[in-house]
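Inspection log for the structure reproduced underneath, given as structure tokens.
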């Protein structure tokens, strides 16, 4: 079976073969925590100038590897700025990009969970008692939000208790999907996803204190060969309309970092 990364590359190859040229609709690689916010930004971009972008969401670590291997993206929005900085070292990007936001994580408890409601004080007792049988996070090996979840659990001395119960999503969006579907008892994922109506209505959530994990500094960059539409979208991401959308989805904006 093809790996997730190979499936994504195959899909992109078909997309380009079908005639979606970079000049007309550049393919933008974006961290999964941006799924709902960036769809709104892209709609506003289209309304403002009639131009389209194609958004592909996934884990930042996977995208980094795909870009290094030559994936035909024109812009990359990472949930961890280090992946963008490393792309610059590899000569794959136009400079070191721009910081566009910082993210937060939440503890989410779906309806019907034995935990009842999301409460940070209940997390340790629930793990100790085995009330949490399945806890979803993004895979920490390549997903920044998964690493933040691991850091948060370790900061409370809960990682060893949580590890046997983990259900790992390929990216943070998949971890949120596990929670919204009720297939896990609890999850830790991006605040921006929890604020989406389709996720928030499926349960309750509480913000995890920022000091429990390293900052989720998110950086974007144009990649070598980027066309004018990608450049226009890059500029649009730094404008007031985009910043307002990101703020509404719980992101901290660069001026506040």
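Specify the residue that is surrounded by the most Cβ atoms within 10 Å (Cβ to Cβ); the eligible residues are those in the stretch 132-141 that are over 13 Å from residue 105 (Cα atoms) and touching a strand residue (DSSP E or B) at 6+ places or on another chain (Cβ under 9 Å). That would be 135.
So that you can scan it fast, the table gives a plain yes or no per residue for (1) assigned by TED's automatic domain parsing to the domain that holds residue 68; (2) touching a helix residue (DSSP H, G or I) at 6+ places or on another chain (Cβ under 7 Å); (3) not in a loop (DSSP other than H, G, I, E, B):
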residue: 87; (1), (2), (3): yes, yes, yes
residue: 113; (1), (2), (3): no, no, no
residue: 117; (1), (2), (3): no, no, no
residue: 123; (1), (2), (3): no, no, yes
residue: 128; (1), (2), (3): no, yes, yes
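When the stretch 92-111 is filtered for residues that are crowded, with 20+ Cβ neighbours inside 10 Å and assigned to a loop (DSSP other than H, G, I, E, B), the ones remaining, listed by number, are 92, 97, 104. Residues in the stretch 183-200 that are more than 26 Å from residue 215 (Cβ to Cβ), surrounded by fewer than 21 Cβ atoms within 10 Å (Cβ to Cβ) and either at pLDDT 95 or above or in the same structural domain as residue 79 (by TED's automatic domain parsing) (or both): 183 only.
Condition test on residue 223, is it without any contact (Cβ under 8 Å) to a residue 60 or more places away in the chain and surrounded by fewer than 24 Cβ atoms within 10 Å (Cβ to Cβ)?
no
Looking across the stretch 226-253 at every residue that is within 17 Å of the chain's Cα centre (by Cα), touching a residue at least 12 places away in the same chain (Cβ under 8 Å) and not in a loop (DSSP other than H, G, I, E, B), the one that is surrounded by the fewest Cβ atoms within 10 Å (Cβ to Cβ) is identified as 248.
The values are calculated or read from the model by the stated rules, or taken from the named source; none is laboratory data. Being a predicted model, the structure only gives us computed values, none of them experimental. As a convention, Cβ positions derive from the backbone with ideal geometry for all residues, glycine included, and neighbour counts pool all protein chains shown.
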